[in-house]
Amino acid sequence: MPAALTREKVVRAALRLLDKVGLDGLTLRKLAAELNVQAPALYWHFKNKQELLDEMATCVLTEALEEMLPGRRGHWPDWALHLGHGIRRMLLRHRDGAKMFSGTYLTNSELYLPIEAALRRLVEGGFMVRDAICAYRTIYCYAVGFTIEEQAVYPRPGKRDPRYDLKRRAARMIPAEEFPLTLAAGEEMFDFDQQFQQGLQLIVRGLRPHRPAGRRDADTAHSRHQHD
């Protein structure tokens, strides 16, 4: 094993390679070539590709946290909107970032602290604990799912997959008079900034606290009492 090859160096190289070849093209063999080492050298640090992806996702999240998470001040709907946009920005930092991040296991236990802070902010805004968890996961899953679709259309920022060209799309709808709404939806569907904003606003408007802000959740209070 080369002495200079570290876990961090492997992860950084993997993120660069991800931007070049995408998630499907990212292999340990290609990564070894990128690092100018033999593939077995990587197994000192990662047993398989999934373990590498876990560390890559952890690295991306750790570096984006300060920008991604809003502070504790402000009305909770504004806070929730900031969170959703922050997650999307994080995922867009790398090619196939959302697919890479989806389903990964975060390796840094310190990342539970911001999750705790996010849930606490919702509880302080009036949500029951179980509703706060649902609200947080709904925003998170919406951002990840939306960005997966977005990055399928734009594998690289500003470069649309030719299959999603609007003229090519419209040419498939024959006869055109049977698809007036679908044709009109083309420009709207591929305006991802606007679509994400509108969808996130719909989600946040649908969230409603079920108790006055500032009161402790009854379940949390009961749980603490049980452990006293």
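Determine whether segment 77-90 contains at least one residue that is out of contact with any Gly (no Cβ under 8 Å at 6 or more places or on another chain), aromatic (F, W, Y) and buried (at least 18 other Cβ atoms within 10 Å of the Cβ). No, there is no match, as no residue in segment 77-90 is out of contact with any Gly (no Cβ under 8 Å at 6 or more places or on another chain), aromatic (F, W, Y) and buried (at least 18 other Cβ atoms within 10 Å of the Cβ). How about segment 137-152: which of its residues are surrounded by 12 or more Cβ atoms within 10 Å (Cβ to Cβ) and not β-branched (V, I, T)? If the condition is that a residue be surrounded by 12 or more Cβ atoms within 10 Å (Cβ to Cβ) and not β-branched (V, I, T), then Y140, C141, Y142, A143, G145, F146, E149, E150, Q151, A152 are the ones that fit. Only one of the numbered conditions (1) open to solvent by less than 70 Å² (accessible area, probe 1.4 Å); (2) at positive phi is not met by L119, and that is (2).
Looking only at segment 53-69, which residues are touching a helix residue (DSSP H, G or I) at 6+ places or on another chain (Cβ under 8 Å) and either under 18 Å from L15 (Cα atoms) or open to solvent by less than 30 Å² (accessible area, probe 1.4 Å) (or both)?
The first filter runs over segment 53-69 and keeps only residues touching a helix residue (DSSP H, G or I) at 6+ places or on another chain (Cβ under 8 Å), leaving 53, 55-62, 64-65, 67-69.
L53, E55, M56, A57, T58, C59, V60, L61, T62, A64, L65, M68, listed by residue number.
Residues in segment 22-54 that are assigned to a helix (DSSP H, G or I), hydrophobic (A, V, I, L, M, F, W, C) and either more than 24 Å from A98 (Cα to Cα) or touching a residue at least 24 places away in the same chain (Cβ under 8 Å) (or both): L23, L28, A33, L35, A39, A41, L42, W44, L52, L53. Looking across segment 1-18 at every residue that is in a helix (DSSP H, G or I) and open to solvent by 50 Å² or more (accessible area, probe 1.4 Å), the one that is farthest from V153 (Cα to Cα) is identified as R7. Within segment 196-228, being of a type in the set (S, T, N, Q) and at pLDDT 95 or above holds for Q197, Q198, Q201.
Do you know which of the residues in segment 153-168 that are under 27 Å from D19 (Cβ atoms) and not in a loop (DSSP other than H, G, I, E, B) is least open to solvent (accessible area, probe 1.4 Å)?
Of everything passing the filter in segment 153-168, V153 is least open to solvent (accessible area, probe 1.4 Å).
Residues considered: Q38, Q50. Of these, the only one that is over 15 Å from the mean Cα position of the chain (by Cα), more than 30 Å from L119 (Cβ to Cβ), polar (S, T, N, Q) and open to solvent by 70 Å² or more (accessible area, probe 1.4 Å) is Q38.
Taking the listed residues P70, P77, the one that is in a loop (DSSP other than H, G, I, E, B) and touching a residue at least 12 places away in the same chain (Cβ under 8 Å) is P70, with no other qualifying.
The values are calculated or read from the model by the stated rules, or taken from the named source; none is laboratory data. Remember, predicted model here, so these are calculated numbers, not experimental data. Cβ sites come from the backbone with ideal geometry, for glycine too, and all protein chains shown count toward neighbours. Heads up: the accessible areas ignore ligands, DNA and RNA and are worked out on the full protein's heavy atoms, side chains in. Shrake-Rupley method; radii C 1.70, N 1.55, O 1.52, S 1.80 Å.
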